[in-house]
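Please read through the structure below; I'll follow up with questions.
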Amino acid sequence: MHDETAAGPTPTLFSWEFATDPYPAYAWLREHAPVHRTALPSGVEAWLVTRYADARQALADQRLSKNPAHHAESAHAKGKTGIPGERKAELMTHLLNIDPPDHTRLRRLVSKAFTPRRVAEFAPRVQELTDRLIDDFVEKGSADLIHEFAFPLPIYAICDMLGVPREDQDDFRDWAGMMIRHSGGPRGGVARSVKQMRNYLAELIHRKREDPGEDLISGLIRASDHGEHLTENEAAAMAFILLFAGFETTVNLIGNGVYALLRHPEQRERLQWSLAAGETGLLATGVETGPSRGVTPGPPAGKDLLATAVEELLRYDGPVELATWRYATEPLTLGGQAVAAGDPVLVVLAAADRDPERFEQPDVLDLTRRDNPHLGYGHGIHYCLGAPLARLEGQTALATLLRRLPDLRLAADPADLRWRGGLIMRGLRTLPVEFSPSGR
């Protein structure tokens, strides 16, 4: 869709060419039309918010509801604004579609599974999965890092956390694969996978009620049985959204992150050296946590550099391009634009996180960047619940790849790589790489 402004025509948005590198178009919008109404590929019209300050305001504004019932357009249009198939599968009552007080109640129930302590306890399992997946291709000297590594790692991890038996996890991998392959394309394939997943979750919830364990689904059932009033639909929807939101974001974090490192060899080599030096004790002991007694810390090193690197990769080319849908519950002004009640609003995280008003040299990848309050995991009450787990998976995946495949290199022309279609997520379809075959 082209609109004329005083600065010329609005760049074409949401084309395949745009998906390859959306950042120049977002820079134009930030400067000339920071809150911009446009027709999306689905035909739905929505406001795009691209400046950092406006984005933070919108993400925390209680007048912007997550509930699709506030969408002013027809029921037919409403079906185009969520996850395909979730409405028919009765999976709408999850954290991405509800407001307080229900959001507060459900988030409290599940937040115990994602505390730093619980996630730290899960770290050995994430490392085990990471090594096992690399073992499967390390002797070949080549791999597609999306399908052979970045995709299965978070699937198996979140299945373990939810309590999906190991013998059923490949089914989840197939359903999730269908959702990723068809994102941005025909919604029917995704809807079928959602329905299959919903049927399985309903059955699993019944099984866990009879034989509970220490997993997340069992915890949700126990909470419900102790007066928290969690319906079966809510339990299934919660498990579904944890899986849906917990796998594709991490697939893209790992895929986009590795790709960015391969395109910036000096940054990759710095991280690689830092990790190796840390393992051999060449770096100063301890992990810097920030300024102390007025002293400005030096460049991060070792595990600290790994942590800042993952945050910078999230900012530079993060897994979530646009925050999930919001709807104005009343007329409001956002970035100088009048937004009517019922209008959909989409916060463009990818644009906000490269706003030069907030980030110095925003188009430069700098793994040592400390002043980095990026919006990759959102902001406000809908801040990503699974962020600690995603960080653990991202840090573990990158560190292990760089350690075990030290000469990892891209095995395709960047111009030939394709990005998956879709509105919310940003990720590569494939990431072919080569490396020297090595022992296990």
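Determine the distance separating the Cα centre of segment 18-43 from the Cα centre of segment 342-383; give it in Å without decimals.
When both Cα centres are located, 15 Å separates them.
Also: For the ranges 327-336, 267-276, 253-262, 405-414, what's the packing order if you count other beta-carbon atoms within 10 Å of each residue, average per peptide, and put the highest first? Walk me through the numbers before you get to the answer.
Details: 327-336: 16.1, 267-276: 18.7, 253-262: 23.5, 405-414: 13.6.
Going from most to least packed, we get 253-262, 267-276, 327-336, 405-414.
Based on the mean of other Cβ atoms within 10 Å per residue, sort peptides 421-433, 153-165, 363-375 so the most packed one is first.
Numbers: 421-433: 19.9, 153-165: 22.4, 363-375: 17.0.
Ranked from most to least packed, the peptides come out as 153-165, 421-433, 363-375.
Rounded, prolate or oblate: which one fits segment 378-420, using the alpha carbon gyration tensor with axes a ≥ b ≥ c (rounded when a/c is under 1.5, else prolate when a/b beats b/c, else oblate)? Could the numbers behind the result be given before it?
On the way: a/c = 5.07, a/b = 1.53, b/c = 3.32.
It is oblate, given that a/c is not under 1.5 and a/b is not larger than b/c.
Mind giving me the FRET efficiency for Thr329 and Glu357? R0 is 35 Å, r the Cβ-Cβ distance, nearest 0.05 is fine.
Values: r = 28 Å, r/R0 = 0.80.
About 0.80, to the nearest 0.05.
Taking the number of other C-beta atoms within 10 Å as the exposure measure, put Ser193, Ser438 in order starting with the fewest. Intermediate values should be presented prior to the final figure.
Numbers: Ser193 23, Ser438 13.
With the sparsest Cβ surroundings first, the list reads Ser438, Ser193.
Still on this structure, I have one more. What translational diffusion coefficient, to the nearest whole µm²/s, does segment 328-421 have by Stokes-Einstein, given a Kirkwood radius computed over alpha-carbon pairs, a temperature of 20 °C and 1.002 mPa s viscosity?
Details: Rh = 17.4 Å.
So the translational diffusion coefficient is about 123 µm²/s.
Let me ask another. Using 1/(1 + (r/R0)^6) with R0 = 56 angstrom and r between the beta carbons of Ala53 and Ser436, what's the FRET efficiency to the nearest 0.05?
Values: r = 47 Å, r/R0 = 0.84.
That pair, Ala53 with Ser436, gives E of 0.75.
Using the basic label-point model (7 angstrom from Cα toward the beta carbon), what is the Arg222 to Ala415 distance in nanometres?
5.8 nm
Compute the relative contact order of segment 352-440 as a whole-number percentage, counting only Cα pairs closer than 8 Å that sit 6 or more residues apart in sequence. Each step should come with its number before you reach the end.
On the way: 54 pairs, mean separation 16.6, N = 89.
It rounds to 19 percent for segment 352-440.
Find out how many positive minus negative residues lie around Arg125, taking Lys and Arg as positive, Asp and Glu as negative, among other residues whose Cβ is under 14 Å from that of Arg125. Write out the running numbers ahead of the final one.
Numbers: positive: Arg118, Arg132, Arg166; negative: Glu121, Glu128, Asp131, Asp160, Glu214, Asp215, Glu393.
Counting the neighbours of Arg125, the net charge comes to -4.
Could I ask something else about it? Under the 0.36 nm per residue contour assumption, what length would be gained going from the current alpha-carbon distance of Arg263 and Glu31 to full extension? Mind dumping the intermediate values first?
Details: separation 232, 0.36 × 232 = 83.52 nm, distance 2.71 nm.
The Arg263-Glu31 span can extend by a further 80.8 nm.
How much net charge surrounds Trp47 when only other residues with a Cβ under 11 Å from its Cβ are counted (Lys, Arg +1; Asp, Glu -1)? Provide the component values of the computation, followed by the final result.
Details: positive: Arg37, Arg326; negative: Glu45, Asp54, Asp343.
With Lys, Arg at +1 and Asp, Glu at -1, the neighbours total -1.
Applying 1/(1 + (r/R0)^6) with R0 = 56 Å to the Cβ-Cβ distance of Thr12 and His206, what FRET efficiency is obtained, to the nearest 0.05? Don't skip to the answer; put the middle values down first.
On the way: r = 49 Å, r/R0 = 0.88.
Efficiency, rounded to the nearest 0.05: 0.70.
Read the figures in this text as sums done on the coordinates, not as results from a lab. Just so you know, these numbers come straight off a predicted model, no measurement behind them. No Cβ is skipped: glycine too gets one built from the backbone with ideal geometry, and neighbour counts run over all protein chains shown.
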